[in-house]
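Take a look at the structure set out below.
The values are calculated or read from the model by the stated rules, or taken from the named source; none is laboratory data. If you're wondering where the values come from, they're calculated on a predicted model, not measured in any experiment. Using ideal geometry, Cβ is built from the backbone for each residue, glycine included, and neighbour counts are taken over all protein chains shown. When the accessible area is computed, the model is the full protein with side chains, heavy atoms only, and any ligands, DNA or RNA have been set aside. Shrake-Rupley method; radii C 1.70, N 1.55, O 1.52, S 1.80 Å.
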Amino acid sequence: MLSTIFDDLLAAVETKSFFLFYLLCKFRFKFFRTSDIRRYQRRRAKRIAAYATTHSAFFKNLYAGIDPGAFSSLPTVNKKIMMDHLTEYNTVGLTKNEILDFCLEVERTKDFSKRLKGFNVGMSSGTSGNKGVEIVSLEEETYMKAAFFARFDFPKHEKMRLAFILRVSTPAFSFNRFGHSLTYVSQLNPSNEIIRQLEAIQPTVVSAPPSMLKLIAREVETGTCAIHPKRLVSYAEILYPDVKEYLAKVFSCAVHEVYKCTEGPIAISCRHGRLHINEDLVLIETLNRNGTVTPPGQPCQKLIVTDLHKTSQPIIRYELNDIITVSTEACPCGSSFRVIERIQGRSDDLFWAKHAETGEWQYIFPDYISRAIITASDDIDEYQAVQNAPDNVLVRIQLRPGISHDHYIDKAVADNITAVFAHYRCVQPNVSIVFGLPEPNSN
């Protein structure tokens, strides 16, 4: 009984203090065993569902007749459902119209320092292209910063100067405390301006999408950018192994990942570079298409996320179309928090083909197509693969600077892709190769 009372008191106050949440995040990551994680998640999930039922008209209606404590029985939601019911969905009294008007005004003026009635509100298209909204309170900003500082493997024995390269800024992306600083650099700036800002900051940590990190690495290679970070942090896009290897080679430093979306802070790399699920921040369910649990070592087909602390815009059993594989191996860092072995992409990016014998439709994970292309030649710099029809794949390839077109690359790429389809025992497609820059997908 005393233990339950203590747990309830702690749950009520832990997000109120930067230092308390920081210490608890450190403690849980290091000392929680799997049973502790599951118990903590059950308690927090039940609490957040009860809060949403009380404070959100949407969730009160959605959970009518359902015990919020029976968490696995709660219906799922997704981005479309949330956006369709945004006024009733949030718990802080903001209407959908004022939220969208505010976001559009911010986009028009590029003044990302504004808040809406004290809340940090931003619009995101995500990689799926569907418009979404994120609402964050000051308290939520504070405890998330505490979690980041508790989890991130900072360079030892020196103050952190973090350059955060992002398309848009928010008031949350500023920090200057205890000699550590976080500086926002707009990804919308010309590349030469970004390089100038980075050289002025001389960051010890650079955080950016892998495509931007790759661009900066090229500038470092050619001597037109003189920075010497001790850590790189990739986010927002899939960090493919070949890109990670290239970045580590150019900068001679560790390349870590932050896996965060508007729906929650899903994972962050530990000191060993393994991508751990933030088990005390989010509850992640990896499911097969029929709703059964996907075992470790296999890619999931449904990813369900619950933010265990966020109250302004509850994220409860929220469906993402990301495809991940949870590792079967424990991390050498000793934490029991699960490790993501690979982020395959989004279910929107799946390739489809007919099985050669049964005629049934078979999905092919985009990760296999990507690897088929990048392993064809070291001279491939950028690429894009588009399935125009079940029997037709178009690949656009940009070669490294100074490399001329070689027909061997055409054949190697085409052979590798058809080999992937053959591995799945599917009808092999016609593969067309075009040399040039990737283009926006009109579909």
Can you tell me which of V121, V92 is at pLDDT 85 or above and in a loop (DSSP other than H, G, I, E, B)? V92
Would you say T91 is of a type in the set (V, I, T), within 23 Å of L320 (Cβ to Cβ) and touching a residue at least 24 places away in the same chain (Cβ under 8 Å)? yes
Could you grab me the full set of residues in region 295-312 that are free of Cβ contacts under 8 Å to residues at least 60 places away in the same chain, crowded, with 20+ Cβ neighbours inside 10 Å and either part of a loop (DSSP other than H, G, I, E, B) or of a type in the set (F, W, Y) (or both)? C300
Might you check whether a residue that is open to solvent by 60 Å² or more (accessible area, probe 1.4 Å), among the aliphatic types (A, V, I, L, M) and under 20 Å from P314 (Cβ atoms) occurs anywhere in region 144-157? no
Check off (1) within 25 Å of V293 (Cα to Cα); (2) touching a residue at least 60 places away in the same chain (Cβ under 8 Å) for R38 and give me the number that stays unchecked. (2)
From F6, F32, F27, F19, which residue is surrounded by 18 or more Cβ atoms within 10 Å (Cβ to Cβ) and either at pLDDT 95 or above or within 23 Å of A146 (Cα to Cα) (or both)? F32
Scanning region 397-443 residue by residue, the ones that are part of a helix (DSSP H, G or I) and aliphatic (A, V, I, L, M) total 8
Every residue in region 368-386 that is in contact (Cβ under 8 Å) with a residue 40 or more places away in the chain and open to solvent by less than 50 Å² (accessible area, probe 1.4 Å), please. I369, S370, A372, I373, I374, A376, Q384, V386
Of all residues in region 85-110, how many are of a type in the set (D, E, K, R) and under 26 Å from Y259 (Cα atoms)? 2
Output the number of residues of region 222-265 satisfying the condition of being assigned to a strand (DSSP E or B), farther than 16 Å from P203 by Cα and at pLDDT 90 or above. 4
Under 6 Å by Cβ, and 6 or more places apart or on different chains, what pairs join a residue from region 322-338 that is without any contact (Cβ under 8 Å) to a residue 40 or more places away in the chain with one that is of a type in the set (D, E)? T325/E341
Filter region 200-221 down to residues that are modelled with pLDDT of 90 or more and among the hydroxyl-bearing types (S, T, Y) and give me whichever is farthest from the chain's Cα centre (by Cα). T204
Residue in region 165-180 that is modelled with pLDDT of 80 or more and not aliphatic (A, V, I, L, M) present: no
Scan region 355-369 residue by residue and report those that are of a type in the set (D, E, K, R) and either part of a helix (DSSP H, G or I) or closer than 14 Å to R342 by Cβ (or both). D367
Confirm whether P75 is without any contact (Cβ under 8 Å) to a residue 24 or more places away in the chain and part of a loop (DSSP other than H, G, I, E, B). no
What are the residues in region 390-443 that are without any contact (Cβ under 8 Å) to a residue 24 or more places away in the chain, within 28 Å of the chain's Cα centre (by Cα) and open to solvent by less than 80 Å² (accessible area, probe 1.4 Å), if any? none
If we keep only residues of region 339-367 that are among the charged types (D, E, K, R) and in contact (Cβ under 8 Å) with a residue 12 or more places away in the chain, then the residue most open to solvent (accessible area, probe 1.4 Å) is E357
Considering only residues that are in a helix (DSSP H, G or I), touching a residue at least 40 places away in the same chain (Cβ under 8 Å) and touching a helix residue (DSSP H, G or I) at 6+ places or on another chain (Cβ under 7 Å), which ones fall in region 52-70? A52, F59
I want to confirm something. Restricting to region 43-95 and keeping residues that are open to solvent by less than 40 Å² (accessible area, probe 1.4 Å) and of a type in the set (F, W, Y), which single residue is farthest from the chain's Cα centre (by Cα)? Y63
Filter region 223-245 for residues that are out of contact with any helix residue (DSSP H, G or I) (no Cβ under 7 Å at 6 or more places or on another chain) and over 16 Å from L198 (Cα atoms); which is least open to solvent (accessible area, probe 1.4 Å)? Y235
Residues that are touching a residue at least 40 places away in the same chain (Cβ under 8 Å), open to solvent by less than 30 Å² (accessible area, probe 1.4 Å) and polar (S, T, N, Q): does region 252-272 have at least one? yes
Considering only region 313-338, how many residues are more than 16 Å from the chain's Cα centre (by Cα), under 27 Å from N90 (Cβ atoms) and open to solvent by 10 Å² or more (accessible area, probe 1.4 Å)? 1
